[in-house]
Every structure is written in C-alpha cells, then in structure tokens.
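Here the structure comes first, spelled out in structure tokens, and everything after it is commentary.
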Amino acid sequence: MATNGKKSKKKIIIFSIIGVVLVALVLLVILGSNRETVITVQTEPIQKKTITQIVSATGKIQPVTQVKINAEVSGEIIDLPVREGQRIRKGQLLVRIKPDAYQAGFERAQAALAINQANLNKAEAEYKRVTELFAKKLVSDAEMDIAKATFQSAKASHDQSSASVKEARETLAKTTVYSPMDGVVSQLISELGERVSGSTFTQGTEMMTVADLSRMEARVDVGENDVIMVTVGDTARIEVDAYTERKLVGTVYQIANTAKSRGLGTQDEVVNFEVRILIHTPEDVRLRPGMSMTADVETETHKDVLAVPIQSVTVRMPKMEEKPEETQQGEAKFVGGARKKEEDKLDEVVFVVDEGAVKTVVVKRGLSNDAYVEVTGEGLEGKEVVAGPFKAINRDLEKGTKVKVDNKNARQTGSSVAEKKD
C-alpha cells in the first residue's frame, strides 16, 4: 500500500510540472503575440545636394580625321617608303605601283592624238578651201556638205583622242600615291611586292590608313532610351582602359540620327545610337586608335535640391478613403470600378523616422546619379530617411512601424554606399 501511494504522488508531481510548463508556454505565446515588432534600420539625413544625371556608355578611341588609302589601279607595289607608326607630311610619297602598262597606254593615246590632230588639220584646211570656192559658186552643194562632214568627223575623233590622253594620264598618275594630309600611318596593310587591284568604278585594295592622332574622339553606343537625354555640348568624363588612374574630359559633338540594331527581329535585339565625343587630350597622354574606354556623359545638373539615397525610394499602395456609394445599382458599380482603378496605382514613398517609428512621405523623383536621387515632397528637409537595410525598405516597413536606428552597421547593410560615393 505504501508503494502504491508513492507512485501516485510521483504521478501527481509529474503531471503538475507538465501543467505548469504548458501554462507558461501558453502565456509566452499570448504575451509574445501582443508585443510589437521593432525593426533595426539605418538612416541618413535628408540634405540639399548637387545632382548630375549621368548616361554611361562604352566604346573605342578613334581619330577624328583618318583616311583609308585604297588602290585605284591594279599592279605590283614596287615602292613602299613608309612604315606603320611613321609620321608623314601632306604630299609625301606613300606607295608606287608598277606603271609600265599604264605608261604604254598613255603613249598609245598620245600617238593616236597626234594622228587625229594631223587629220583634223587636213580636214580643216580642205573645209576652208571648199568654203571659199562655194562662196564663189565654183563647187556644188554636195561637195560643200562632204567637206563639212569630213571636218566635223575629224574634230570629233580629235576630241575623243584628247579625252583618251587625259584619262591615260590620270590613270598613270594613280600609280603613285601621295599623302592627302599630315598625320601618322596608323595602319599598314599591304607590303612591298604585293599585287593590289583597283579601278575607277570599284573600291580597290585597302593599303593603309593615315590618321591625325593629335585630335582623338570617343565613339560610344548609347541605348535608345538614354540617347534622348544626351545633347551636343554635354561634358563627358572618360576612362580609358590603358590609363586606369586618369580621367579625361571630352565634349559631345555629334549624335547619330540613325540607329544601329543588333539581333534584329530576335528577343535579344539591341538598338543603339553612336555618340561621338571630342577628347581634350593632355600632352602626356598618348591615345591610340582602337583603345577601349567608358564615358560618363553629364546630361543635366540640378543644384541645391533635396536628395536621398536611391535605395530609400520604394513603392507602396496608396491609402484609399471610403466614400459612400449611391443606392442606385448602376452608379454603385461605376464608383467601385473607379476605386479599383485608383488602387492599382502605386505611390513612390520614403520612410522618415519620427519618435521611434516611421511614417511614409509620398515623393516625386527628379534627376539621379549613381548614388542619390532628387526628391520633392512635404516636410522632408532636416528629416532622417531610412537608408537600409534593403529588405526592410522594400518589404517590411509600413506607416507606424516601430524602428531602432543603428547606423554603426550601415556599412554592412549597404546603406552607406551612397554616402561613401558622394
């Protein structure tokens, strides 16, 4: 009997302990559900800044002026006195093509001209003699017509021969190529002894390129959505891959009117416009054609405007006020439809900290750079705006949410990136 009593007491104690634990757990759940969630955030003061809108693009360095030297006659290169990278002057010999065949053609044309000149002289003298006799009525109309026709035919043959001589002379002259400008042989394609082809009506073999390397430009491709913001005269900050520690300055001077499309008709279609930027090259920088570069074109600047970090601006559903609906069924449906249309719109907002909680302020965006965006809204100046973490801004925070400000962790959360770049 004593043993059974002890067992009963043990059971009572065990069940009592279990009951206490269950009651404690229930109380913790109830009390925990009534506690308000506090979110840790980082903030940044809303201040006036200068915002410069940037359009970034990549491209290549090219000379402003360059001329491709193509063969205009066919033949063997017998003289090539220049080398790639050599500085040359206007009128300097670049290439000489073997002229033998063209020299012979020129001489044949001259010989034909001499014969036709003699025939013309003879026909002209005969025409003058017959004209004088015809005036004295000593020759018939038929003889006069024959003399006139012979003279006109001889003159036409002479003119044709003169044109052939001129053409042959110009063709012979094309066997010797001179530089059309001062510059540098930026690219030498042909070699001594190589045969090149060319004619008056088709583009001949490209032999070399002569460029003025004292005036260089950046040619970049700008997307169709950004090109409308770029205007002639905009300043550009240029980074050349070969000069990583230098930033060059340039000025936009030409914007293409026609787009360049890549992947036309596919999902990967890209439409760009070529923008040319004249580079103000320092004396100690030597740019070469084809160098890779990146340009940040400063399209517009607003000074002394309120600005917040880009990540601070998010969207929320606007709060709709309930309005009494009309009793008529048709009108009630119309009002409901209008309310739904308004609810589909999202407001752009920022969260400002006010006495341990956040409130939403509807803002309107202006210019932006890589770190800050210009905003306008009511009561923003001098306030602290939530700058991080990203998840809290975009998902967790709502009007009235309790927050704890911890700016020591700003670097880890990424909210200080904007401050660091400013």
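The values are calculated or read from the model by the stated rules, or taken from the named source; none is laboratory data. Since we're looking at a predicted model, the values are computed, not measured. Glycine gets a Cβ as well: all are built from the backbone with ideal geometry, and neighbour counts include every protein chain shown.
The condition (being outside the structural domain of S157 (by TED's automatic domain parsing) and surrounded by 15 or more Cβ atoms within 10 Å (Cβ to Cβ)) is satisfied by just one residue among I78, I88: I88. Which number in (1) at pLDDT below 95; (2) part of a helix (DSSP H, G or I) marks the one condition that A112 misses? For A112, the exception is condition (1). Residues considered: S153, S164, S140, S157. Of these, the only one that is among the hydroxyl-bearing types (S, T, Y), closer than 30 Å to D79 by Cβ and in the same structural domain as L113 (by TED's automatic domain parsing) is S164.
Restricted to strands (runs of 3 or more DSSP E) entirely inside the stretch 281-376, those with at least 1 residues that are at pLDDT 90 or above and within 28 Å of the chain's Cα centre (by Cα) are 292-309, 364-368, 372-376. State which residue pairs qualify: first residue in the same structural domain as E44 (by TED's automatic domain parsing) and inside the stretch 352-377, second residue of a type in the set (S, T, Y) and in a strand (DSSP E or B) in any location, beta carbons under 8 Å apart, and separation of 6 or more residues or different chains. If the second residue must be of a type in the set (S, T, Y) and in a strand (DSSP E or B), the pairs left are V353/T43; V363/T376; K364/T376; G366/T376; L367/T52; L367/T301; N369/T52; E374/S368.
Please go through (1) at pLDDT 95 or above; (2) closer than 29 Å to R219 by Cβ for D79 and return the number of the only condition it doesn't satisfy. Checking D79 against (1) at pLDDT 95 or above; (2) closer than 29 Å to R219 by Cβ, the one that fails is (2). Exactly one residue among A156, A135, A142 is free of Cβ contacts under 8 Å to residues at least 60 places away in the same chain and either surrounded by 12 or more Cβ atoms within 10 Å (Cβ to Cβ) or in contact with a Phe, Trp or Tyr (Cβ under 6 Å, 6 or more places away or on another chain) (or both), and that residue is A156.
Taken over the stretch 234-249, the criterion of being modelled with pLDDT of 95 or more and in a loop (DSSP other than H, G, I, E, B) is satisfied by D234 alone.
Filtering the stretch 64-79 to residues that are within 41 Å of the chain's Cα centre (by Cα) and either farther than 15 Å from V184 by Cα or not in a loop (DSSP other than H, G, I, E, B) (or both) leaves Q66, V67, K68, I69, N70, A71, E72, V73, S74, I77.
Of the residues that sit in the stretch 263-280 and are more than 13 Å from the chain's Cα centre (by Cα) and among the polar types (S, T, N, Q), which one is nearest to D347 (Cα to Cα)? Steps first, answer last, please.
Quick first cut of the stretch 263-280, residues more than 13 Å from the chain's Cα centre (by Cα) only: 263-269, 278-280.
If we keep only those that are among the polar types (S, T, N, Q) too, we end up with 266-267.
Numbers: T266: 35, Q267: 31 Å.
In this case the residue turns out to be Q267.
Does the stretch 233-251 contain at least one residue that is within 30 Å of I78 (Cβ to Cβ) and aromatic (F, W, Y)?
Taking the stretch 233-251 as the starting set, the residues that turn out to be within 30 Å of I78 (Cβ to Cβ) are none.
No - not one qualifying residue is present in the stretch 233-251.
With respect to the conditions (1) closer than 25 Å to I54 by Cα; (2) buried (at least 16 other Cβ atoms within 10 Å of the Cβ); (3) not charged (D, E, K, R), A392 lacks only one, and its number is (1). The set of residues from the stretch 238-285 being touching a residue at least 40 places away in the same chain (Cβ under 8 Å) and surrounded by fewer than 13 Cβ atoms within 10 Å (Cβ to Cβ) comprises just one member, D241.
Restricting attention to the stretch 132-165, which residues are under 60 Å from the mean Cα position of the chain (by Cα) and under 16 Å from K122 (Cα atoms)?
Filtering the stretch 132-165 for residues under 60 Å from the mean Cα position of the chain (by Cα) gives 156-165.
Listed by number, the residues that qualify are A156, S157, H158, D159.
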